[in-house]
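Visitor: To start, I am sharing the structure in question, which I have written as structure tokens.
The values are calculated or read from the model by the stated rules, or taken from the named source; none is laboratory data. Keep in mind that this is a model prediction, so the values were computed, not measured. Backbone-built Cβ (ideal geometry, glycine too); neighbour counts: all protein chains shown.
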Amino acid sequence: MDFDRRTLIAGSFAAAALAPAAIDSAAAQTPPPTTDRAQPPGLPQPSETIDLWPKGPPARLEATLVETVSERSTDTLVTDRAVHGVTRPRMVVFRPDRPNGAAVMVTPGGGYQRIVIDKEGYEIARWLTARGFTAFVLFYRLPGEGWSSGPETALADAQRAMRLIRHRARDFAIDPERVAAMGFSAGGHLCADLGGRFAAPVYSAMDAADKLSAKPFCAAPIYPVVSMDPGIAHAGSRTLLLGPSPSAALEAAHSPDRTVPAGAPPHFLVHAEDDDVVPVENTVRLRAALKARGIPVETHLFANGGHGFGLRRAIGKPVEAWPDLWRAWVQTIGFG
């Protein structure tokens, strides 16, 4: 990685020394999003959360929001929850029994209209922890819900989350440098946006955690929304992120394929060519932009899989291999 490892670790230690005054990690945190329905037996459910902004997000709301969780599954053994109206953005923590020293921040999708809890959040978090990774599932604010920060709303949450993970690395037995990002669909857009604009000044520093880098060790946008070009953009995500009539400059600023810096982290890309929701051209363009900058990129395009396959909808198809391909790849770059 191109940021100075000594600076990062020294900053982490300095932040930890200031932690009692800056961030009270023992303070009561907002519970995970949930419903009243009983959860399937035998599946680990998170109980540990980290609020991103103890004094509230650095933005104003146009109108009052109420956090709402909906259950979309009728199968009592399979949950498919989604949340919207998040006003207290937070991470839900999944700890492995035997930490391998690496962490992954997961940004679920939902078209920037909602955030999927189970399919692209908790399920992949459980898969990661079973393999030694500490997983942090991020419930970010949605840019179309009236925040004054507009299209920078979710990125501010993602940057802050990465910095908090590093700030609290000792609490989770992780190396503060080895923190990756993984995102799905619109959460893949957020993951790719963080991979390119990790240093963009989208909020004002407020405490010791903000002295740390928000750059992921590596980024894995999975079937991601990337381009805001109307020809291939996911229309709903584009409208909720940028509004109904964005300028060409605004489209470019929020298309990760057009904002790749020379120092971007390595990327792992996965997409199904029969995706009828987010065209595969989104991933193809991001790959081309990364290659043009000389950024290491591993790309897997599958003939079949559709959109939103995650783990459960990939079973029995060649695309089912993608998590193991990711795990093999991260070992080659010194992360796994």
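Visitor: Which pairs turn up if I take residues in the range 319-336 that are without any contact (Cβ under 8 Å) to a residue 60 or more places away in the chain and surrounded by 15 or more Cβ atoms within 10 Å (Cβ to Cβ) and look for partners that are of a type in the set (S, T, Y) and not in a helix (DSSP H, G or I) with beta carbon separation below 9 Å, at least 6 apart in sequence or on another chain?
Guide: As it stands, the answer is none, since no pair meets every condition given.
Visitor: Given the condition surrounded by 15 or more Cβ atoms within 10 Å (Cβ to Cβ), farther than 22 Å from V277 by Cβ, of a type in the set (G, A, S) and at pLDDT 95 or above, answer yes or no: does some residue in the range 106-129 qualify?
Guide: Filtering the range 106-129 down to residues surrounded by 15 or more Cβ atoms within 10 Å (Cβ to Cβ) leaves 106-129.
Restricting the remaining residues to those that are farther than 22 Å from V277 by Cβ gives 125-129.
With of a type in the set (G, A, S) added as a condition, the list becomes 125.
The next check asks that each one be at pLDDT 95 or above; those that pass are 125.
The answer is yes; a qualifying residue exists.
Visitor: Identify the single condition in (1) closer than 30 Å to I333 by Cα; (2) part of a helix (DSSP H, G or I); (3) among the small types (G, A, S) that A249 does not satisfy, given that it satisfies every other one.
Guide: (1)
Rundown of residues vs (1) over 23 Å from I295 (Cα atoms); (2) in contact with a strand residue (DSSP E or B) (Cβ under 8 Å, 6 or more places away or on another chain), yes/no style:
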{"site": "A181", "(1), (2)": "no, yes"}
{"site": "F184", "(1), (2)": "no, yes"}
{"site": "H189", "(1), (2)": "no, yes"}
{"site": "F198", "(1), (2)": "no, no"}
{"site": "A208", "(1), (2)": "yes, no"}
{"site": "P216", "(1), (2)": "no, yes"}
{"site": "S227", "(1), (2)": "no, no"}
{"site": "P230", "(1), (2)": "yes, no"}
{"site": "L241", "(1), (2)": "yes, no"}
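Visitor: Would it be correct to say that P265 is in contact (Cβ under 8 Å) with a residue 12 or more places away in the chain and in contact with a Phe, Trp or Tyr (Cβ under 7 Å, 6 or more places away or on another chain)? Break it down stepwise before answering.
Guide: Values: in contact (Cβ under 8 Å) with a residue 12 or more places away in the chain: yes; in contact with a Phe, Trp or Tyr (Cβ under 7 Å, 6 or more places away or on another chain): yes.
Yes, satisfied.
Visitor: Has the range 79-101 got any residue that is farther than 20 Å from F172 by Cβ, part of a loop (DSSP other than H, G, I, E, B), more than 19 Å from the chain's Cα centre (by Cα) and at pLDDT 90 or above? Walk me through how you get there before you give the answer.
Guide: Taking the range 79-101 and keeping what is farther than 20 Å from F172 by Cβ, we get 79-88.
Then keep just the ones that are part of a loop (DSSP other than H, G, I, E, B); that gives 79-80, 85-88.
Cutting the leftovers down to more than 19 Å from the chain's Cα centre (by Cα) gives us 79.
Okay, now just the ones that are also at pLDDT 90 or above, so 79.
Looking for residues that are farther than 20 Å from F172 by Cβ, part of a loop (DSSP other than H, G, I, E, B), more than 19 Å from the chain's Cα centre (by Cα) and at pLDDT 90 or above, one finds at least one in the range 79-101, hence yes.
Visitor: Take the residues of the range 203-240 that are in contact with a helix residue (DSSP H, G or I) (Cβ under 7 Å, 6 or more places away or on another chain) and of a type in the set (V, I, T): which is surrounded by the most Cβ atoms within 10 Å (Cβ to Cβ)?
Guide: Per the stated criteria, the residue is V225.
Visitor: Any chance the range 129-151 includes a residue that's touching a strand residue (DSSP E or B) at 6+ places or on another chain (Cβ under 7 Å), over 19 Å from P96 (Cα atoms), hydroxyl-bearing (S, T, Y) and part of a loop (DSSP other than H, G, I, E, B)? Walk me through how you get there before you give the answer.
Guide: Quick first cut of the range 129-151, residues touching a strand residue (DSSP E or B) at 6+ places or on another chain (Cβ under 7 Å) only: 129, 133-142, 146-147.
Going one step further and asking which of them are over 19 Å from P96 (Cα atoms), we end up with 139-142, 146-147.
Those still in the list that are hydroxyl-bearing (S, T, Y) too: 140.
Narrowing the set further to residues that are part of a loop (DSSP other than H, G, I, E, B) leaves 140.
Looking through the range 129-151, at least one residue is touching a strand residue (DSSP E or B) at 6+ places or on another chain (Cβ under 7 Å), over 19 Å from P96 (Cα atoms), hydroxyl-bearing (S, T, Y) and part of a loop (DSSP other than H, G, I, E, B).
Visitor: If a residue must be among the acidic types (D, E) and touching a Gly at 6+ places or on another chain (Cβ under 7 Å), how many such residues does the range 24-76 contain?
Guide: Our first condition is that a residue be among the acidic types (D, E); within the range 24-76, this holds for 24, 36, 48, 51, 62, 67, 71, 75.
Among the residues that remain, those that are also touching a Gly at 6+ places or on another chain (Cβ under 7 Å) are: 62, 67.
Count: 2.
Table: residues versus (1) of a type in the set (D, E); (2) over 19 Å from the mean Cα position of the chain (by Cα); (3) under 26 Å from I117 (Cα atoms).
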residue	(1), (2), (3)
N282	no, no, yes
R287	no, no, no
V297	no, no, no
L301	no, yes, yes
N304	no, yes, yes
G316	no, yes, yes
V319	no, yes, yes
G334	no, yes, no
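Visitor: Taking the options A252, A288, A303, name whichever one is touching a residue at least 12 places away in the same chain (Cβ under 8 Å), surrounded by fewer than 17 Cβ atoms within 10 Å (Cβ to Cβ), within 20 Å of A156 (Cβ to Cβ) and small (G, A, S). Give the derivation first.
Guide: Working: A288 fails: within 20 Å of A156 (Cβ to Cβ); A303 fails: within 20 Å of A156 (Cβ to Cβ).
Answer to the check: A252.
Visitor: Would you point out which residue out of G183, G187, G236 is in contact with a Gly (Cβ under 9 Å, 6 or more places away or on another chain), closer than 14 Å to G144 by Cβ and of a type in the set (G, A, S)? It would help to see each step written out before you state the result.
Guide: Numbers: G183 fails: closer than 14 Å to G144 by Cβ; G187 fails: closer than 14 Å to G144 by Cβ.
Exactly one residue qualifies, and that residue is G236.
Visitor: May I ask you to list the residues in the range 57-72 that are part of a loop (DSSP other than H, G, I, E, B), surrounded by 12 or more Cβ atoms within 10 Å (Cβ to Cβ) and touching a residue at least 24 places away in the same chain (Cβ under 8 Å)?
Guide: Within the range 57-72, the subset part of a loop (DSSP other than H, G, I, E, B) is 57-60, 62-67, 72.
Checking the rest, the ones that are also surrounded by 12 or more Cβ atoms within 10 Å (Cβ to Cβ) come to 57-59, 65, 67, 72.
Result: P57, P58, A59, L65, E67.
Visitor: Assigned to a helix (DSSP H, G or I), free of Cβ contacts under 8 Å to residues at least 60 places away in the same chain and not hydroxyl-bearing (S, T, Y): is that true of A158 in this structure? Spell out the reasoning first.
Guide: Numbers: assigned to a helix (DSSP H, G or I): yes; free of Cβ contacts under 8 Å to residues at least 60 places away in the same chain: yes; not hydroxyl-bearing (S, T, Y): yes.
Taking the combined requirement at face value, the residue satisfies it.
Visitor: Here's a follow-up. Name the single residue, out of those in the range 161-186 being among the hydrophobic types (A, V, I, L, M, F, W, C) and assigned to a helix (DSSP H, G or I), that is surrounded by the most Cβ atoms within 10 Å (Cβ to Cβ).
Guide: Residues of the range 161-186 that are among the hydrophobic types (A, V, I, L, M, F, W, C), as a first pass: 161-162, 164-165, 169, 172-174, 179-182, 184, 186.
Okay, now just the ones that are also assigned to a helix (DSSP H, G or I), so 161-162, 164-165, 169, 172, 186.
On the way: A161: 27, M162: 26, L164: 26, I165: 26, A169: 24, F172: 18, A186: 31.
The selected residue is A186.
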